[in-house]
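Data block below; observations after.
Derivation of every value follows stated rules applied to the coordinates shown; laboratory data play no part. The structure presented is a predicted model; accordingly, all values stated were derived computationally and were not measured. Reconstructed Cβ throughout: ideal geometry from the backbone, glycine too, with neighbour counts over all protein chains shown.
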Protein chains: 2
Amino acid sequence: MSRTLRIGLLGCGTVGTGILRLLHDNASMIEGRLGGHIEITRIAVRDPKKVRDQVVSPRIVTDDAMNVVRDPQIDIVVEVMGGLEPAGSLLRAALEQGKHVVTANKALLAEKGDELLQKAEAGGVDLYFEAAVAGGIPIIRVLREALASDRIVALRGIVNGTSNYILSRMADDSLEFAEALKAAQEAGYAEADPTLDISGGDAQHKLAILATMAFGAKVHPSEILREGIETITQIDMRFAERFGYVIKSLAIARALPDGALDLRVHPTLVPEGSVLANVSGALNAVEVEGAMVGSCLFSGLGAGALPTATSVVSDIVDVGRNLLINAHGRVPSRSFRGEALRDFPVRDPGEQICRFYLHFSAADEPGVLAKIAGVLGEQKVSIDQMVQEGQGTSDKPVSVVILTHHAPARAVYEALSTIDALKPLIMAPSRAIRIEG
Amino acid sequence: MSRTLRIGLLGCGTVGTGILRLLHDNASMIEGRLGGHIEITRIAVRDPKKVRDQVVSPRIVTDDAMNVVRDPQIDIVVEVMGGLEPAGSLLRAALEQGKHVVTANKALLAEKGDELLQKAEAGGVDLYFEAAVAGGIPIIRVLREALASDRIVALRGIVNGTSNYILSRMADDSLEFAEALKAAQEAGYAEADPTLDISGGDAQHKLAILATMAFGAKVHPSEILREGIETITQIDMRFAERFGYVIKSLAIARALPDGALDLRVHPTLVPEGSVLANVSGALNAVEVEGAMVGSCLFSGLGAGALPTATSVVSDIVDVGRNLLINAHGRVPSRSFRGEALRDFPVRDPGEQICRFYLHFSAADEPGVLAKIAGVLGEQKVSIDQMVQEGQGTSDKPVSVVILTHHAPARAVYEALSTIDALKPLIMAPSRAIRIEG
């Protein structure tokens with residue numbers, strides 16, 4: 001039963017180095033669990049001179065990744081280089097050669113997951129990607145295996161640590177968005193160009209992968225409604241708090257009764273006592289609602305070299321076990337939950353039904369509340385609560401905040417554009433934030 | 001690749017009925033994921049006349065469980081009868097016959113898990129038991145697979161829904177323990193005899209199983225320090241809140257730097273902003289701390305027929321997949337993380353080091369605080385914070401509450417017994433509750 005698994009590693013940045021460290025430090029434990037030996041046989045990087053890890057012999061490092069993928073010795077290709085290309089072509093080639101694949105590449109999976117999973121299925125090999133979503137949290141495994149007996153109804157996640165850190169600092173330390181972003185950059189939680197994180201683009205990629213696993217659906221990131229957190233202000237934070245909510249950026253996927261999927265990434269008011277409201281700082285969390293199992297929450301570090309490397313190496317162990325116990329023949333792929341991916345209709349964002357928090361910057365004049373309420377009424381958006389705050393002056397507006405009952409997004413946004421045209425009564429663009437729970 | 005897995009079901013109470021319902025309602029989805037057909041071939045119950053499920057033919061129901069276990073047709077024995085015997089003898093026989101086993105029996109696993117896992121290993125069969133701990137939360141799978149690459153440092157869990165419901169009602173609705181227990185019984189969350197839940201005995205069983213999986217340790221429930229929640233009062237709830245804590249009953253297992261395990265089940269003050277503090281009602285949650293992956297939290301419904309049945313059926317799918325892809329030979333058991341279970345020294349409860357909340361019912365007399373502080377000082381227990389509340393009378397004490405710095409439990413309890421002897425200055429037994437985080 002003792003056999004050697006030969007790994008071809010594509011990419012050796014922080015995650016790749018973390019993988020080498022984990023395999024080295026925990027070698028005996030990992031090999032005990034695997035029932036075999038793991039060897040990093042070859043490493044492909046753009047510039048071989050830059051790999052200076054002491055446990056790596058320079059002889060195994062190359063700049064020819066395709067050569068590694070085609071090496072008949074290699075059992076498992078582990079890809080941590082990121083990006084759509086050349087990673088996509090390399091993994092396609094690996095799967096076609098009958099190699100098992102472990103990858104942390106969320107952009108590639110979000111864009112090409114369907115094609116890659118099909119190739120794995122056809123080739124009878126495994127394609128595992130726990131590290132692609134929510135770093136150290138084993139959410140892919142949970143969706144693939146633990147909830148294999150249940151029908152998933154909805155999932156809601158905090159899947160971008162940068163946005164969550166910024167919103168947490170805004171809530172806890174009363175920072176405005178720009179200050180909190182600067183703090184995130186100084187703390188190393190946000191990149192110099194934070195666009196992908198704060199715009200919701202990164203969360204869109206992750207939600208596409210999660211929805212694929214949860215519903216067996218072909219979901220492309222572009223089908224997901226996306227709103228960033230850059231428009232959230234301290235005023236919104238304080239009003240949310242006053243109504244018993246916290247503002248979080250959520251990725252939401254829901255199977256609607258008519259068979260369509262409701263898919264969105266946006267800032268959201270969540271009740272302050274709820275578990276998601278208490279996931280703070282750079283943590284990630286995913287709440288999964290199964291028809292039978294009810295609601296489960298999984299949270300932990302969503303990024304970082306070591307949590308991500310842990311997920312990659314656990315995938316290697318899993319794929320390795322499948323491989324070792326099947327030394328005698330071709331095996332069915334265990335990559336997916338076993339069903340073929342299907343096309344689902346995606347609910348038009350305008351028809352998504354939600355409760356809304358609305359903020360208006362209004363002149364402090366008699367009749368302004370009636371005007372706002374009137375426009376909402378015309379669109380059949382009914383009001384749950386309404387408050388007005390502050391003393392306005394001729395050039396300083398008051399804040400009017402309304403929480404609505406459930407309403408279609410299109411009606412709400414049409415009301416807002418009518419209201420925003422009520423100049424000089426309305427002194428700045430209105431804001432709408434969805435409410436969950 | 002299409003094969004039939006034949007199940008022998010032992011027990012058909014609420015969980016057993018849930019399993020039948022799940023397999024029936026989700027049949028096509030489950031079989032798609034498995035790549036094979038599942039058949040409930042035989043069901044053993046004490047009284048066959050009581051099984052009236054419409055999907056079950058009376059011909060497959062028997063009262064001879066050993067006969068089911070020995071039936072050569074049966075591939076997987078699923079045990080949901082509970083209790084140590086006859087379940088123990090039946091599962092031993094099943095494993096010896098080369099049957100794979102899925103069980104939800106926490107008492108049996110806590111008492112005999114070591115022996116059963118060894119038998120599974122020796123026979124090359126799987127013994128899966130996701131449903132035995134924390135119902136629908138896939139914590140066993142997480143420990144066995146998702147964190148297979150990491151060394152686990154500690155775990156902290158809310159694993160008894162009844163206790164958590166009672167403590168949540170005490171905190172939220174200012175009920176005293178007896179009232180909250182009554183409410184739990186009326187809501188169906190507590191049994192007529194709630195001793196096993198409120199004493200921490202049930203949590204002891206679950207922690208023994210979790211520690212076995214997390215550390216590869218042979219842990220017997222009797223080695224775990226246990227304190228119940230029945231001594232917690234509204235006064236403690238309010239003081240905890242004042243200091244920024246919530247009282248939860250936690251099951252804690254920690255690998256100490258010297259190689260010993262620290263194992264305990266007790267009411268605990270946890271910081272109010274922490275994720276565990278916000279796990280309320282009948283929910284369960286387990287926080288796992290890995291050396292590399294950091295801290296992860298898993299929460300969900302810990303009990304109930306359908307969440308438990310979901311875990312059992314996901315185990316059946318997993319074991320079934322292992323079985324189907326290995327139709328040609330004996331397979332290594334995947335039940336455990338791959339290491340043999342080891343004996344670990346368990347830290348003596350008196351030497352466990354912790355911060356403590358201490359409550360004293362003291363006469364409202366000058367010098368009483370100094371006396372209490374003096375006794376603690378003699379035991380080298382140092383004080384972090386101290387408050388006194390209320391106006392005492394000759395027969396009504398004031399509450400003196402102290403939060404200590406880290407101190408060995410033995411020193412704290414010795415100080416308490418000295419202080420309790422200070423009559424008439426101390427008017428009721430003092431209470432100590434540990435603080436985590």
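Here are the numbers for the structure shown:
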quantity: log₁₀ of I(q)/I(0) at q = 0.06 Å⁻¹ - chain B, Debye sum with one point per alpha carbon; calculated: -0.30
quantity: Other protein chain Cβ atoms within 10 Å, averaged over every residue that makes up A:308-320; calculated: 4
quantity: Cα Rg, Dmax, the range A:223-283, angstrom units; calculated: 13.2, 38
quantity: Residue (of B:I209, B:I229, B:A255) at the positive-pole extreme of the range B:187-282, dipole from beta-carbon charges; calculated: B:A255
quantity: Cα centre as origin, Lys/Arg/Asp/Glu Cβ charges: the protein assembly as shown dipole, Debye; calculated: 1960 debye
quantity: q = 0.20 Å⁻¹: log10 I(q)/I(0) that the Debye formula gives for the range A:55-169, counting C-alpha atoms only; calculated: -1.15
quantity: Packing rank of A:100-108, A:309-317, where each peptide gets the mean count of other beta carbons within 10 Å, highest leading; calculated: A:309-317, A:100-108
quantity: Partner chain coverage, peptide A:167-179 - average Cβ within 10 angstrom; calculated: 0
quantity: Alpha-carbon gyration tensor eigenvalues x 5, square-rooted, for the range B:1-122, Å; calculated: 22, 18, 13
quantity: Full-extension gain in nm, B:R92 to B:N67, via 0.36 nm per residue minus C-alpha separation; calculated: 7.6 nm
quantity: Pair A:E272, A:A370: separation of 7 Å Cα→Cβ label points (nm); calculated: 3.4 nm
quantity: Table column - 3J(HN,Hα) (Hz), the range B:243-253, Karplus curve with 6.51, -1.76, 1.60, x for Gly and Pro; calculated: 8, x, 10, 10, 9, 10, 8, 10, 9, 10, 10
quantity: For the axis carrying chain A to chain B: nearest C-beta residue of A, whole Å; calculated: A:N278, 2
quantity: Angle between chain A longest axis and helix A:14-25 axis [Cα atoms, degrees, rounded to 10]; calculated: 50 degrees
quantity: Label-point separation, A:A421 to A:E230 (7 Å along Cα→Cβ), nm; calculated: 2.7 nm
quantity: Within straight-line cross-link reach of A:K423, lysines at Cα separation under 20 Å, skipping those fewer than 8 residues along the same chain; calculated: A:K371, A:K396
quantity: Label geometry 7 Å along the beta-carbon vector: B:R238 inter-copy distances in nm; calculated: 3.2
quantity: Average Cα contact separation per residue, chain B, under 8 Å, 6 or more apart, as relative contact order %; calculated: 17 percent
quantity: Between helix B:106-123 and chain B: long-axis angle, C-alpha atoms, 0 to 90°, nearest 10; calculated: 40 degrees
quantity: Highest-first arrangement of B:288-301, B:424-437, where packing means the average Cβ count within 10 Å; calculated: B:288-301, B:424-437
quantity: Average other protein chain Cβ within 10 Å of Cβ, residues A:280-291; calculated: 2
quantity: Crossing angle, helix A:368-378 versus chain A [Cα axis fit, 0-90 degrees, rounded to tens]; calculated: 60 degrees
quantity: Position B:K380, label points 7 Å along Cα→Cβ, spacing to each other copy in nm (shortest first, one decimal); calculated: 7.5
quantity: Over 17 Å [Cα-Cα, the range A:243-333], rounded percent; calculated: 68 percent
quantity: Within-15-Å neighbourhood charge of A:D384 [Cβ basis; K, R +1; D, E -1]; calculated: +3
quantity: Convex hull of Cα atoms in the protein assembly as shown, direction-averaged projection (nm²); calculated: 40.1 nm²
quantity: Neighbourhood net charge (10 Å Cβ-Cβ; Lys/Arg +1, Asp/Glu -1) for A:T162; calculated: -3
quantity: Rounded FRET efficiency, nearest 0.05, which uses the C-beta distance separating A:A260 from B:R3 and R0 of 41 Å; calculated: 0.70
quantity: Kirkwood hydrodynamic radius over Cα pairs of the range A:79-234, then Stokes diffusion coefficient at 20 °C and 1.002 mPa s, in µm²/s; calculated: 127 µm²/s
quantity: Inter-label distance, nm, simple model (7 Å from Cα along the C-beta direction), A:S174/A:R46; calculated: 4.5 nm
quantity: Those lysines that a straight Cα-Cα span of less than 26 Å connects to B:K218, excepting residues fewer than 8 apart in one chain; calculated: B:K99, B:K106, B:K112, B:K119, B:K206
quantity: Cα centre as origin, Lys/Arg/Asp/Glu Cβ charges: the range A:90-135 dipole, Debye; calculated: 140 debye
quantity: Helical contribution to [θ] at 222 nm, DSSP H n ≥ 4, -39,500 (n - 2.57), averaged over chain A, rounded to 500; calculated: -10500 deg cm²/dmol
quantity: Estimated D of the range A:391-437 in µm² per second, where Rh is the Kirkwood radius over Cα pairs and Stokes-Einstein applies at 4 °C, 1.567 mPa s; calculated: 106 µm²/s
quantity: Residues with amide H under 5 Å from that of B:H37, placed H, sequence gap 5 or more; calculated: B:R3, B:T4, B:L5
quantity: Pseudo-label separations to other copies for A:A428 - Cα-to-Cβ vector, 7 Å, nm; calculated: 5.3
